[in-house]
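These notes concern the structure reproduced below.
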Amino acid sequence: MLKQSLQYKLLQKLSPQQIQLMKLIQLPTQAFEERLKQEIEENPALDTGKEESDSFDEDLSNEFDDSGNEKIEAEDINIDEYLSDDEIPSYKTQANNYSADDEEKNVPYAAGTSFHQSLKNQLNTYSFDDEERAVAEFLVGSIDDSGYIRRDILDLVDDLAFTANIFTTEQKVVSILKRVIHTLDPIGVGARDLKECLIIQLKRKDKTKIRSLAIDILDQAFDHFVKKHYKKLQEKFHISEEELKEVNTEISKLNPKPGSSYAGNNKIAEQIVPDFSIKLVDGELDLILNSRNAPELHISREYNNMLKGYQESSTKSKSQKDAVFFIKQKLDAAKWFIDAIKQRQQTLLVTMNTIMHYQYEYFLTGDERKLKPMILKDIADKINMDVSTVSRVANSKYVSTPYGTKLIKEFFSESMKNDQGEDVSTKEIKKILETVVAEEDKKKPLTDEKLANILKEKGYPIARRTIAKYREQLDLPVARLRKEI
């Protein structure tokens, strides 16, 4: 039996303009500048710098709507004089608009050749036959950004056969790997695992008793070393605690990811440009929006005059009508973009200002234990905006404070009850946990159960499994791996 039913659904649909605005709000400063540059390049009706002309005439805008009922009263007008190439629009001759007090103007890029290109260039110093060079270049191409070759040698041999038509043996590939790739810079590159990476680096250093001992320990008892079974290492190698401490110090100086430290890596050198700045002025907090988020934009005088010229002309041809609709479209887009930028600025300032006042005690002192429990809805309710809007601001923006540059979303945290029944931020608890671990006796690190007992004594009744979760979030290893000699 078939049943028919009628269901009503209330759906909120965003207009294309609203979607574009949400995207603009989400952009951090550097990405916003790129978006702004793109818009200026694509829309000549949009101008930068101080406005020298009247604002876009709303009456002209209304006259040319999409209904097709525009006021066209015959006789041609020479639209070409408005579209002349004789004059270069001012937006093309002006630099991006920055405030005079803006300190951050340039985005640094990693200079020089890429990581893999540098490795290939080093191969030119070796003497190869054609097959050996092809294998060496293939091995270099198989190195990941951390500097490792993660794939099995047999898989590489198969790939050489199928993709490069080079039929070789596992022994020959390993020979080239050890004889050539492992001698390239940065030291340790081309290793197949951490153990091999560390040993390569030690062998490239001047030989000493401690370095030889470090190589033996890594080669013969790597698992014991990683798991910090120090007593077993002392017994196996018949060494004193002091010697083992020297070995530990020597190995700690090595680079576990030789590729990632290379200055000429493929990635852009990251630079955080704060979107906001909070300063302490006479004991009060002062919030400033990065001026690069507040460009001076206005409608191009040239395009505005084109539209006015068309309106005032007594004769209007079909070609002029088509041209003027193109102009009108660009002017409308420019006007919308200017309004969207202003709305973006207002949204950013209102949101960050509310966050600053919500976490006022923290911003005054820099003490993370002063951070109050705060979720997105807390801020959204105060500024009467959607939670998703607050999320877009918090997830991608940074604020410069007297205590360092922070990602805004780091100020948000869930709440827990202390033994007084008061709501406390999970960040406060994590900070206390971090402090307890930092002050523990490293020869006898505290287990999660002991940590839970200590926090309970401090007024934070937390289960052992919660301690384990927070410890992992803080990137703190288990007690055994925190142990030192």
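Starting from the 7 Å offset along Cα-to-Cβ, what nm value, one decimal, do you get for the label separation of Ile210 and Gln171?
So the two model labels end up 4.1 nm from each other.
In the stretch 154-290, if the dipole is taken from +1 on Lys/Arg beta carbons and -1 on Asp/Glu beta carbons about the Cα centre, which of Leu280, Ile200, Thr163 is farthest to the positive end?
Of the candidates, Ile200 comes out farthest on the positive side.
Toward the positive end of the charge dipole of the stretch 378-482, about the Cα centre and with charges on Cβ (Lys, Arg +1; Asp, Glu -1), which of Ser425, Asn453, Val399 goes farthest?
Farthest towards the positive pole: Asn453.
Rounded to whole Hz and in sequence order, give me ³J(HN,Hα) for the stretch 247-253 from the Karplus expression 6.51 cos²θ - 1.76 cosθ + 1.60, θ = phi - 60°, writing x for Gly and Pro.
Karplus-based 3J(HN,Hα) across the stretch 247-253 equals 4, 4, 5, 5, 5, 5, 7 Hz.
Give me the orientation-averaged projected area of the Cα convex hull of the stretch 332-463, in nm², one decimal.
10.5 nm²
Over 29 Å between Cα atoms, which of Lys342/Lys370; Lys195/Lys444; Lys195/Lys397; Lys172/Lys203; Lys342/Lys409; Lys205/Lys245 qualify?
Long pairs (Cα-Cα over 29 Å): Lys342/Lys370; Lys195/Lys397.
Given a 1.4 Å probe and every protein chain left where it sits, what share in percent of the accessible area of the stretch 353-473 is carbon and sulfur?
Solvent-exposed carbon and sulfur of the stretch 353-473 make up 43 percent of the total.
Which cross-chain or sequence-distant (5 or more) residues have an amide H under 5 Å from the amide H of Leu46, H modelled 1.01 Å from N in plane?
Those lying under 5 Å, H to H, from Leu46 are Ser300.
The values are calculated or read from the model by the stated rules, or taken from the named source; none is laboratory data. Note that the structure is predicted; figures quoted are calculated from it, not measured. A quick note on method: Cβ atoms are made from the backbone with ideal geometry, for glycine too, and the neighbour counts reach across all protein chains shown. Each accessible area value is taken on the protein alone, full model and side chains, heavy atoms only, with ligands, DNA and RNA left out. Shrake-Rupley method; radii C 1.70, N 1.55, O 1.52, S 1.80 Å.
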